[in-house]
Each structure stands twice: as structure tokens, then as C-alpha cells.
1. Per residue, how much accessible surface does the stretch 11-153 expose to a 1.4 Å probe? Answer in Å², no decimals.
2. Hey, got the dipole for the chain? About the Cα centre, +1 on K and R Cβ, -1 on D and E Cβ, debye to the nearest 20?
3. Could you report the accessible area of Ser90 in Å², rounded to 10, computed with a 1.4 Å probe on the protein chains as they sit in the structure?
4. When only C-alpha pairs under 8 Å and at least 6 residues apart count, what is the relative contact order of the chain, in percent?
5. With each run of n ≥ 4 DSSP H residues scored as -39500 (n - 2.57), what mean residue ellipticity at 222 nm is computed for the chain after dividing by its residue count and rounding to the nearest 500 deg cm²/dmol?
6. Which helices, taking whole DSSP H runs in the chain, have alpha carbons extending 15 angstrom or more along the helix axis plus mean Kyte-Doolittle at least 0.0?
7. Just want to confirm a number: the relative contact order over the stretch 60-146, from Cα pairs under 8 angstrom separated by 6+ residues, in percent.
8. So how much accessible area does Val20 have, in Å² to the nearest 10, using a 1.4 Å probe?
Amino acid sequence: MEWESYLDHISADAARLSEVAQMGLEPDVPCCSGWIVHDLVAHVGRVYTQKAAIIDEGRLDGQPDQVDAPNDGLIEWFDASTEHLLDVLSAHDPTEAVWSFHAEDQTVGFWYRRLAHESLIHRIDAEQAHGLPSDFDEGLASDGIDEGLTRSV
């Protein structure tokens, strides 16, 4: 996939996750045992914030501690975290070296790809929590299968 395509997927799936979360933060998330939509939104926002810091700081030695998600204004915070992540990703070349948990790919591009899949999966989790239908881009789904088969964690 093209790098810009990953950014488009992150943007669209995060926007949909936010939209669905606005329908209610209390429903249980079927695929995330013990979580409600609030927990899901907080998790994704923390991931976005932490990964943006890795990239923005040019970290080569691991990730910073996760930030706490607010209880009040969670969706607004999530939206701001999404915007910040997209700004940071867009400002850095995918070939730039940064830490990742996959030893064979220590680049910003790793995070483009990983966060596109993270966003897709958790957008679907939120839709399922609200009993909504989900669809997905076949190209991104195929890329996710490739990621799973070629990356050993």
C-alpha cells in the first residue's frame, strides 16, 4: 500500500470510531472482554498519543509511558489525539528510523501500517458494541493478513 493510503485509513477509521462513540460510551465491547466503549476509545487515544511521541521525539530506544485518558471530554481528547497523530505521521518520512516493537522494521513506516490496522480493528469493535454493521477496505484487510504472516512478534 502507498504511505498516504495508510494515513487515509487511520483518518477515516478514527473518525468513524469517534462517531460511534458519540452514540454511547457504555455498551460492552464483545471482542474486548471486560471493556466498554469508553475503555476502547481511551485505549486507542493512548496508543495514538504514545506512538506520536515516539515519532515526534525520534525515539530509538523504546516507548514513553502512556498518558492517562480523561474521563470528561474523552471523545474530544480522542479527536485531538487523532489529529496530532496524523500531523506527526505526515511530517515524518516513512523511512525515518524510530523504535518499534518489531526488530526488523524500526521506521516511521512501521507505525503508518500498524496504526492503520489498529484503527480498523478498533473501529469495528466499537461498531459491534453498538450492534452496527461493519465493512472494510479489501486492500487494507489483505495488507493486514500480510502483516500478520510476515511479522513475528
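The values are calculated or read from the model by the stated rules, or taken from the named source; none is laboratory data. The model shown is predicted, which means the values in this text are computed figures rather than measured ones. Virtual Cβ from ideal backbone geometry, glycine too; neighbours counted across all protein chains shown. Side chains included, ligands, DNA and RNA excluded: accessible areas come from the protein's heavy atoms. Shrake-Rupley method; radii C 1.70, N 1.55, O 1.52, S 1.80 Å.
1. Here the residues of the stretch 11-153 average 49 Å² of exposed surface.
2. Working: 8 positive and 31 negative charges, 62 e Å.
Dipole about the Cα centre, nearest 20: 300 debye.
3. Its heavy atoms expose roughly 80 Å² to the probe.
4. On the way: 195 pairs, mean separation 48.5, N = 153.
Result for the chain is 32 percent.
5. Theoretical 222 nm ellipticity from helices: -20500 deg cm²/dmol.
6. Working: long enough: 3-21 (27 Å, -0.15); 37-56 (28 Å, 0.37); 74-91 (25 Å, 0.55); 108-129 (31 Å, -0.38); 138-150 (18 Å, -0.22).
Long hydrophobic helices here: 37-56, 74-91.
7. Taking the mean separation of contacting Cα pairs over the length of the stretch 60-146, I get 19 percent.
8. About 0 Å², ignoring ligands and nucleic acids.
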